[in-house]
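Each remark here refers to the structure printed beneath this line.
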Amino acid sequence: NKSASIEDLRQMYAYGRFWDSDRLMLLYPGKHHDSGYESYPNEFDENRNHQCKISMVSVLDGSSLDLTIGEQIVRLVE
């Protein structure tokens, strides 16, 4: 359904704080989808925003493992 559960959002927030990251992406297996980054204010630092998005990549190419999955993920992060 291309939406994140509240648990996934909390985990993304925790990882962003732990790794001091401004850009966060939830990555799921499935038909290709990229929601694009959306900005969210940081309640602890008003001069800093977090950017979050949900993406999906297919792990299969037909009936076998897609050997380009790493390249697909890198493109989504950029």
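Could you tell me what percent of the accessible area of the chain is made up of carbon and sulfur, with a 1.4 Å probe and every protein chain present?
Heavy-atom surface of the chain belonging to carbon and sulfur, 1.4 Å probe: 54 percent.
How large is the dipole of the chain about the Cα centre if only Lys and Arg carry +1 and Asp and Glu carry -1, each at its Cβ, rounded to the nearest 20 debye?
160 debye
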### Message
If you build the convex hull over the alpha carbons only and average its shadow over all orientations, what do you get for the stretch 1-40? Give it in nm² to one decimal.
### Response
3.2 nm²
### Message
Rounding to the nearest 10 and keeping the result within 0 to 90°, find how far the Cα-based axis of helix 6-18 lies from the longest principal axis of the chain.
### Response
70 degrees
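Take the alpha-carbon positions of the chain, form their convex hull, and give its projected area averaged over all directions (one quarter of the hull surface) in nm².
Working: hull surface 23.4 nm².
Value for the chain: 5.9 nm².
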### Mean separation of Cα contacts under 8 Å (6+ apart) over length of the chain, as relative contact order %
27 percent
### Task
May I ask you to give the solvent-accessible area per residue for the chain, in square angstrom, as obtained with a 1.4 angstrom probe?
76 Å²
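The values are calculated or read from the model by the stated rules, or taken from the named source; none is laboratory data. Predicted, not measured: the structure shown is a model, and the values here were computed from it. Note that we place each Cβ from the backbone using ideal geometry, even for glycine, and neighbour counts take in every protein chain shown. SASA here: full protein model, heavy atoms, side chains in, ligands and nucleic acids out. Shrake-Rupley method; radii C 1.70, N 1.55, O 1.52, S 1.80 Å.
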